[in-house]
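The values are calculated or read from the model by the stated rules, or taken from the named source; none is laboratory data. All values derive from a computational prediction rather than experimental measurement. Ideal geometry is used to build each Cβ from the backbone, glycine not excepted, and the neighbour counts take in all protein chains shown. Only protein heavy atoms, including side chains, enter the accessible area calculation; ligands, DNA and RNA are left aside. Shrake-Rupley method; radii C 1.70, N 1.55, O 1.52, S 1.80 Å.
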Amino acid sequence: MVEPSNPSPTTVVDEPKQRRPSKPDAPPRIPKSDSLVIPKTIEFLNSADARDKLLKLSAYSIRLAFHRELFVKLGWPVTVQDRLKRLDTAIIDCRQVLNCLKWISTIKAFFTNLSDTDMPRGERLALLIQTAFWTVEVVCSDLSYVAKQLKPEWDANRIGKGYKMGKSISLTILIAVESWRVNAMLDKAKQEHRRLTVVQRSSVKESLFAIARCVCDCIIYYTWVNAYKPNKTLCYLCGLLSAIIGLRGQILSL
């Protein structure tokens, strides 16, 4: 008897797998922080106050270096030092042009404070006086620049004294106002037996920075008082610190 032969195993042929169409390469992701650098830089430089603080920082850096004879110790040529001196003078002119007609803003601020009935009466009166002296400051700055351009040999310090007086008294009033605000917040929190909120702590910190900046500028600008003779190195360091604090505020406001 013949056994039936086993059928040969069928060969299974794998069908070629269809390839999925490849997706186009996605553009590289740019970190959010990097994508904001250029717009924020442009916004920063568009601010007149930011440009003024940068110029102030540059001017006081040059003055401090000259006062400490840093360029002489480094052996820089006299021609380079003369150019830096002219640059310092040019920076002063640039700041005056940058702040030209600023008295329009101070007058607006005066009437804004005058119409703000929600503000405590004492604080409003102090800010009105502060704005009046601020107006004296910027008007004297404009007059000083015009006088220098029309008559270069004319002594600009005649008007500069009024500029320094207006600025120093204005800053002194701001110190008093900011100190009153900080004290009021601390007293209120103490009476309610609680700690300051996050917003209040931030407000106190900014007020303290504002006070420090005003103190630095007062050290510089109270020289209109004949009996006041501050150390020049201290004045230049205060100018640098004031500019740095001002730049910090401009950067945080972006």
Ile219 - would you say it is surrounded by 19 or more Cβ atoms within 10 Å (Cβ to Cβ) and either under 23 Å from the mean Cα position of the chain (by Cα) or under 21 Å from Ile245 (Cα atoms) (or both)? yes
I'd like the full set of residues that are outside any helix (DSSP H, G or I) and either in contact (Cβ under 8 Å) with a residue 24 or more places away in the chain or open to solvent by 40 Å² or more (accessible area, probe 1.4 Å) (or both), limited to the range 222-242. Val225, Asn226, Ala227, Tyr228, Lys229, Asn231
Output the number of residues of the range 132-166 satisfying the condition of being open to solvent by less than 60 Å² (accessible area, probe 1.4 Å) and among the basic types (Lys, Arg). 1
Among residues of the range 123-139 being in contact (Cβ under 8 Å) with a residue 24 or more places away in the chain and more than 23 Å from the chain's Cα centre (by Cα), the residue nearest to Val97 (Cα to Cα) is Ile129
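Residues checked against (1) within 17 Å of Pro120 (Cβ to Cβ); (2) open to solvent by less than 40 Å² (accessible area, probe 1.4 Å):
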site: Ser179; (1), (2): yes, no
site: Leu186; (1), (2): yes, no
site: Leu196; (1), (2): no, yes
site: Arg201; (1), (2): no, no
Only one of (1) modelled with pLDDT under 90; (2) more than 24 Å from Trp134 (Cβ to Cβ); (3) of a type in the set (Val, Ile, Thr) does not apply to Val199, and that is (1)
Looking at the range 152-183, which of its residues are modelled with pLDDT of 90 or more and out of contact with any helix residue (DSSP H, G or I) (no Cβ under 9 Å at 6 or more places or on another chain)? Asn183
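Suppose the filter is free of Cβ contacts under 8 Å to residues at least 60 places away in the same chain and either over 27 Å from the mean Cα position of the chain (by Cα) or open to solvent by 30 Å² or more (accessible area, probe 1.4 Å) (or both); does Arg63 pass it?
Taking the combined requirement at face value, the residue does not satisfy it.
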Subset tally (residues that are in a helix (DSSP H, G or I), charged (D, E, K, R) and open to solvent by 70 Å² or more (accessible area, probe 1.4 Å)) for the range 99-131: 2
Report yes if Lys161 is over 27 Å from the mean Cα position of the chain (by Cα) and touching a residue at least 40 places away in the same chain (Cβ under 8 Å), otherwise no. no
